[in-house]
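Have a look at the structure below, then the notes.
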Amino acid sequence: KGTLIEQLVGQAMVRLGQEQVIVAAAKDKLSSEEMARVQQELAAIFKDGFPHMTARYEQLMFEDLVQHLFTDGGPGGGHIVPKMYFEITSDFGGGDEELVYLGAGVVHAGRNKTLTAGNKLYDHMEKTIKMSPYQLHSGDVKRVEELLSSYSKWRYSFLWAIMPAIERVAEMRYQNKSLHDAVLTILAVKRWELDKGALPESLDQLKEAGYLKELPDDPYAEGLLTYVRRNGDFVLYSIGGDFQDNGGKENPERRWGRSEGGDRVFWPLNPDKFEPPEKPPRAFDGIGTI
């Protein structure tokens, strides 16, 4: 709930909290009972499921801005008012750039077409924001950037100025859900090891024995996070943003891989070398100017 900025702040807080639980699991000698309590309390936070993000507040703000920026009535439902457009959407306070806004009053699409196009984009956002990176990568799904590119930057400059980079925001949500699921899985594996004297052979064993309620999905694959027993310990990882399994090898410069390659390794973790996670994406990077 709330604006995208508020949701991003909440996601950042969730991420930092989950990271610290992994640090505690690696650094502190917690008993099986202590880890079971932490696991239960963490699972209860999102008992109704890890929440999806939404751009509905931004859509309402878009509709409200149209009311302020366009005249009421006339051809096309009304035309954009250059002075208002300049004051609301520019970061600079005057100069020759104002001529651009005067031109917008002539060439910009009318009120009705602007509302129709904007609402179409925001409605599409609500669909893609609930799709995992793997679903967007593997399916024939148009991203918001693709739909926006079909609109002229001159005729629909207002949309280009305010449209949020929603897929980047949604990806952060899926990364945090994966982290949340990984924390619960790590605690379950550590509990099993303390109780049984050995690591589980598979994650399925954890669920069958009641140590884990749900198996952790990998947002970048058609399946689960990868669990491997290795050198007396275990490795738990997502294949990351390059959609390639690199055998649990993480790129220290890009923790979620992406085009640079590398997996996102949740465990093992050396708490003495723990680094803060990457900065969250700005809600408007990549498309808009705000």
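The values are calculated or read from the model by the stated rules, or taken from the named source; none is laboratory data. Model, not experiment: these values are computed from the prediction. All Cβ positions, even for glycine, are placed from backbone atoms using ideal geometry, and neighbour counts span all protein chains on display. Just the protein is used for accessible areas: all its heavy atoms, side chains included, with ligands, DNA and RNA removed. Shrake-Rupley method; radii C 1.70, N 1.55, O 1.52, S 1.80 Å.
Things to note:
- Qualifying residue in segment 152-174 (condition: on the phi < 0 side of the Ramachandran plot, of a type in the set (D, E, K, R) and assigned to a loop (DSSP other than H, G, I, E, B)): yes
- Matching entry among M61, M53 (being within 17 Å of the chain's Cα centre (by Cα) and not small (G, A, S)): M53
- Residues of segment 236-264 classified as outside any loop (DSSP other than H, G, I, E, B), touching a Phe, Trp or Tyr at 6+ places or on another chain (Cβ under 8 Å) and either at pLDDT 95 or above or open to solvent by 30 Å² or more (accessible area, probe 1.4 Å) (or both), total: 4
- Near pairs, Cβ below 6 angstrom, 6+ apart or cross-chain, from segment 198-210 (open to solvent by 50 Å² or more (accessible area, probe 1.4 Å)) to any residue that is at pLDDT 95 or above: K207/L215
- Which listed residue is modelled with pLDDT of 90 or more and either touching a Leu at 6+ places or on another chain (Cβ under 6 Å) or open to solvent by 20 Å² or more (accessible area, probe 1.4 Å) (or both), from S132, S149: S149
- Checking each residue in segment 64-73 for being open to solvent by 60 Å² or more (accessible area, probe 1.4 Å) and not in a loop (DSSP other than H, G, I, E, B) picks out D64, Q67, H68.
- Some residue of segment 98-118 being at pLDDT below 85, farther than 30 Å from V265 by Cβ, acidic (D, E) and touching a Ser or Thr at 6+ places or on another chain (Cβ under 9 Å): yes
- Selection count, segment 18-56, where residues are assigned to a helix (DSSP H, G or I) and either of a type in the set (A, V, I, L, M) or open to solvent by 40 Å² or more (accessible area, probe 1.4 Å) (or both): 21
- Selection of segment 74-87 for residues being open to solvent by 80 Å² or more (accessible area, probe 1.4 Å), not in a loop (DSSP other than H, G, I, E, B) and not basic (K, R) yields P75, E87.
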